[in-house]
Amino acid sequence: MNQPREQEVPPRLALAHISKSFPGVKANEDISLSVRPGEIHALLGENGAGKSTLVKIIYGVQHADEGTISWDGETVSIPSPKAARRLGIGMVFQHFSLFDAMTVIENIALGLDEAVDREVLKARVAAILDSYSLPLDPERAVHTLSVGERQRIEIVRCLLQKPKLLIMDEPTSVLTPQEVERLFETLRQIASEGCAILYISHKLHEIKALCEAATILRGGRVVATCDPKLESTKRMAELMIGAELRQIEHKPGAGAGAVRLSVQDLSLAGEPPFGTDLEAVSFDARAGEILGIAGVAGNGQSELLTALSGERLASSPDAILLDGRPIGLHGAGQRRAAGLACVPEERNGHAAVPDFSLADNSILTARHRLPLAPLGFVARGDVLRFAQSVIQRFDVRTTGPGALARSLSGGNLQKFIMGREIGQQPAVLVVSQPTWGVDAGAAAAIRQELVDLAAKGSAVVVISQDLDELLELADRLCVLNEGRLSAPRAIASLGIDEIGLMMGGVHGAGESTGATHA
Amino acid sequence: MLEWRRRREPSSLMLYASPLIAVLLTMLIGMIVFTAMGYDGFHAVRDIFLTPFLEPQRWPDLGVKAAPLVMIALGLAIGFRANVWNIGAEGQYIMGAIAGTGVALATYDMTGWWILPAMALAGILGGMAWAAIPAFLRVKLQVSEILTSLMLTYVAVQGLYYLVRGPWKDPDGFNFPQTRMFTPDQTLPVLAEGSLIHLGIPLALVIAVIAWLVMEKTTAGYAVKVVGLAPAAARHGGFSSDTVTWATLLAGGGLAGLAGLFEAAGPFGQLTPQFPTGYGFTAIIVAFLGRLNPLGIVFGGIVLAATYVGGEIAQTTVKLPQAATGMFQALLLFMLLATDVLVRYRISWKVRAV
């Protein structure tokens, strides 16, 4: 930031030798970091690196076993979130706590520690919206707002308390590129007024764009402190995962094969209560290609996945063709047997049964294509061997095929689920949010497997909110917005601004109601 | 003070220990309650829970009582695994007996080895038909099977009363409300001469083993468990929860119907208004005491059978009222549900600084 830095000013927040253990895990070990007033400080690390625990300690949700916290030069104890807010710490969580049925201003009033007169509050909110040029209508009901707008409610809640330190937990995970840019402007303005910001993320290019200092955590310890503007993204990623990053290798000659999956005018009512109707969705996925479907969650992604997986049936057999065969009225098991495999976004309870072992979870979807249960009798030995082979090939960190699915971390379970499907050599693989909540190392491995699967002649469809992922993986890209799918475009011909506009709902000339030719 | 801590993984030790703890707590509290009421609580509990096991002459009676309990509970447990809450096994048990008795009355003048199997088949079908009503209502109209199956029990009871007092009344029975006694070809063979041990007892054990194999070794059992644990994952894996609802209710109804027919063609030898003894309800306790595991249910059935046999002993020795049996059974269910929290939580005493 541009303001003069004085060495005598004590740091806004200084952590010294913070340690915190849970039964069986050292979540934080000897962590020290300091944030100056007006500084945007990145806290960088994979899932499970200890970021959340550290932030919970700062926000008073949890208490450190050892170490001290100082605030503006004085040692403090933060027994509760309320005490944290009194000090001037505000936090915007990754998952918002908002009531969908209430208006923006009602939600803000509910989040305050003390009762404030409605008119006074309205005036203060209006002043904040105005001074940060935040577009948000205080009288709108929350369920009508986009994710970016909902996040602004949380930010306004914090700003009302005139915070001296603002903690942002993975704030961009669900935003469009335009919304991200707008958020960054807001954060820069907040920092320029002297508020310190602790920015938690694992998206390195954002940290490079926004932050001036970064503390990198791995396995509960600080492994490096650096200036992200000077450090290379690759180097930071390697520090974060503690190993050299694998670059995805695209094999030449991929793409342009025969059409393996063809969807024609697929319409489906949304799942109650807040589902989105699919309206005449059409696309082709070809052998050897990865088709990306971008879009912000809630625009029909889960409906599209269940319509393709066979959990819900189409209205006619011809709506979905697999290698030319109509399968629109086939159930989930028949579609799998025919070669169409799907991985839904929700791992626990949808793609896997949390209370089942990994071996039992492989029966769930692999029994149609592999002889795991001939004549209805489970072949225990074959099931264990298949589960073991998935664990080995996909480097799933677990105690073995007997481990309960719920005992695995999100990334490891996702590796297992992806491995279970890829291990069946499907003709077409449709996967939603393949690396959601997965650490960088595992994400790179999963993406490489998708690329390899396509290279072997399968068609891969990736439904994702993560644009970076789609740009890295996909050959062609279309956008799902309010249940309608745009015509696919070759990745090379698309600018990120254009995709962002499509995601935000501004359909360009590429909007399609039936044409599927790229 | 007591502190509850959620375990990271369910305790497998407690999974098997908690039913035993529940039995011990039931004995302890039962002892206190009956002592407070002025009975000899210690001897009451001893006669109910221990005497049936300690005196070998009681064992056949134990088996006779345990067999229908185990059979019904096996069917119920399969449904409970799939979140299908068939509470009306008592009604299916009665309908099985009625259907089988119908065959018996129709073949009264005949002889042949085929009569008893035909009665058993009718018993199974009768129980299934009664369970098919809640299955249909749940699958087609999303009506709770808890309510429908329970209410149908009382319909079955009234149906039984009507038949034994009306069309099926024994013409040579001095106007008593009961059917004719079954002929030898219509009665379950006794396995040991002069004892009560009938064919239903070994058959209950065989069915338990088959149920265990189905639940643990087949995709059918897998489907039942997935539908119960994670319905969305079941759909994703291509399992139909409607099919599982139908199958588990029919299996539960069929087994309850068979148990009813065995009871009619065994210990009763006819139908009377005293036929509904509540086995269908007690079997719910058996299913939970056995942890919904077919082999555990054999153990649970024997414990609950002991409360029936022991309750009768205690009526003569300590002059306990007949209702005491029901009270002990209810207390046991209560303790089972209470101790279940030990599987997921760890409790400890913690001295809290003031």
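The values are calculated or read from the model by the stated rules, or taken from the named source; none is laboratory data. Bear in mind that the values here come from a model prediction, so they are computed numbers and not experimental data. Using ideal geometry, Cβ is built from the backbone for each residue, glycine included, and neighbour counts are taken over all protein chains shown.
Among residues belonging to the stretch A:43-67 that are within 12 Å of A:Leu198 (Cβ to Cβ) and not aliphatic (A, V, I, L, M), point out the one that is surrounded by the most Cβ atoms within 10 Å (Cβ to Cβ). Applying the filter and picking the extreme gives A:Lys51. Summed over the stretch B:122-163, residues that are surrounded by fewer than 15 Cβ atoms within 10 Å (Cβ to Cβ) and of a type in the set (D, E, K, R) total 1. Every residue in the stretch B:107-121 that is part of a loop (DSSP other than H, G, I, E, B) and either aliphatic (A, V, I, L, M) or surrounded by fewer than 16 Cβ atoms within 10 Å (Cβ to Cβ) (or both), please. Those that are part of a loop (DSSP other than H, G, I, E, B) and either aliphatic (A, V, I, L, M) or surrounded by fewer than 16 Cβ atoms within 10 Å (Cβ to Cβ) (or both): B:Tyr108, B:Asp109, B:Met110, B:Thr111, B:Gly112, B:Trp113, B:Trp114. Scanning the stretch A:188-223 for residues that are surrounded by fewer than 16 Cβ atoms within 10 Å (Cβ to Cβ) and touching a helix residue (DSSP H, G or I) at 6+ places or on another chain (Cβ under 8 Å) turns up A:Arg188, A:His205, A:Ala209, A:Val223.
If the condition is being surrounded by fewer than 24 Cβ atoms within 10 Å (Cβ to Cβ) and away from chain B (no Cβ under 11 Å), then the stretch A:342-385 contributes A:Glu345, A:Ser357, A:Ala359, A:Arg369, A:Leu370, A:Pro371, A:Gly381, A:Asp382, A:Leu384, A:Arg385.
Residues that are in contact with a Phe, Trp or Tyr (Cβ under 9 Å, 6 or more places away or on another chain), at least 3 per element: which helices (runs of 4 or more DSSP H) completely within the stretch B:261-351 meet that? It would help to see each step written out before you state the result.
Numbers: elements: B:279-289, B:294-317, B:323-339, B:341-344.
Output list reads B:279-289, B:294-317, B:323-339.
In the set A:Ser407, A:Ser316, A:Ser309, only one residue is in contact (Cβ under 8 Å) with a residue 40 or more places away in the chain and hydroxyl-bearing (Ser, Thr, Tyr); that residue is A:Ser309. Within the stretch B:214-224, the set of residues being facing chain A (nearest Cβ under 9 Å) and surrounded by fewer than 22 Cβ atoms within 10 Å (Cβ to Cβ) comprises B:Glu216, B:Lys217, B:Thr218, B:Thr219, B:Ala220, B:Gly221.
Across the stretch A:329-341, the qualifying residues are those that are without any contact (Cβ under 8 Å) to a residue 60 or more places away in the chain and assigned to a loop (DSSP other than H, G, I, E, B), and the one among them that is farthest from the other protein chains (Cβ to nearest Cβ) is A:Leu329. Of the helices (runs of 4 or more DSSP H) lying entirely inside the stretch B:1-78, those containing at least 2 residues that are modelled with pLDDT under 95, within 14 Å of chain A (Cβ to nearest Cβ) and surrounded by fewer than 19 Cβ atoms within 10 Å (Cβ to Cβ) are B:12-36. In the stretch B:233-260, the qualifying residues are those that are small (Gly, Ala, Ser) and part of a loop (DSSP other than H, G, I, E, B), and the one that is farthest from the other protein chains (Cβ to nearest Cβ) is B:Ser240.
Of the residues making up the stretch A:294-322, those that are within 12 Å of chain B (Cβ to nearest Cβ) and farther than 22 Å from A:Leu473 by Cβ are A:Thr306, A:Gly310, A:Glu311, A:Arg312, A:Leu313. Remark: pairs (first residue in the stretch B:167-180, in contact (Cβ under 8 Å) with a residue 40 or more places away in the chain; second residue surrounded by 10 or more Cβ atoms within 10 Å (Cβ to Cβ) and aromatic (Phe, Trp, Tyr); Cβ separation under 8 Å; 6+ apart in sequence or on different chains) = B:Asp170/B:Phe176; B:Pro177/B:Tyr161; B:Thr179/B:Trp168; B:Arg180/B:Tyr108. When the test is whether a residue is within 14 Å of chain B (Cβ to nearest Cβ) and not β-branched (Val, Ile, Thr), A:Leu404 passes it.
A:Ala84 fulfils the conditions (1) in contact with a Gly (Cβ under 8 Å, 6 or more places away or on another chain); (2) under 30 Å from A:Arg397 (Cα atoms) except for a single criterion, (2). In the stretch A:311-329, which residues are crowded, with 16+ Cβ neighbours inside 10 Å and out of contact with any strand residue (DSSP E or B) (no Cβ under 8 Å at 6 or more places or on another chain)? The answer is A:Glu311, A:Leu313. All of (1) touching a Phe, Trp or Tyr at 6+ places or on another chain (Cβ under 6 Å); (2) closer than 19 Å to A:Leu266 by Cα hold for A:Ser309 with one exception: (1). Residue pairs whose Cβ atoms lie under 8 Å apart, sitting 6 or more positions apart in sequence or on different chains, and linking a residue in the stretch B:118-147 that is touching a residue at least 40 places away in the same chain (Cβ under 8 Å) to a partner that is surrounded by fewer than 17 Cβ atoms within 10 Å (Cβ to Cβ) and not in a helix (DSSP H, G or I), are B:Pro134/B:Val143; B:Arg138/B:Ser144.
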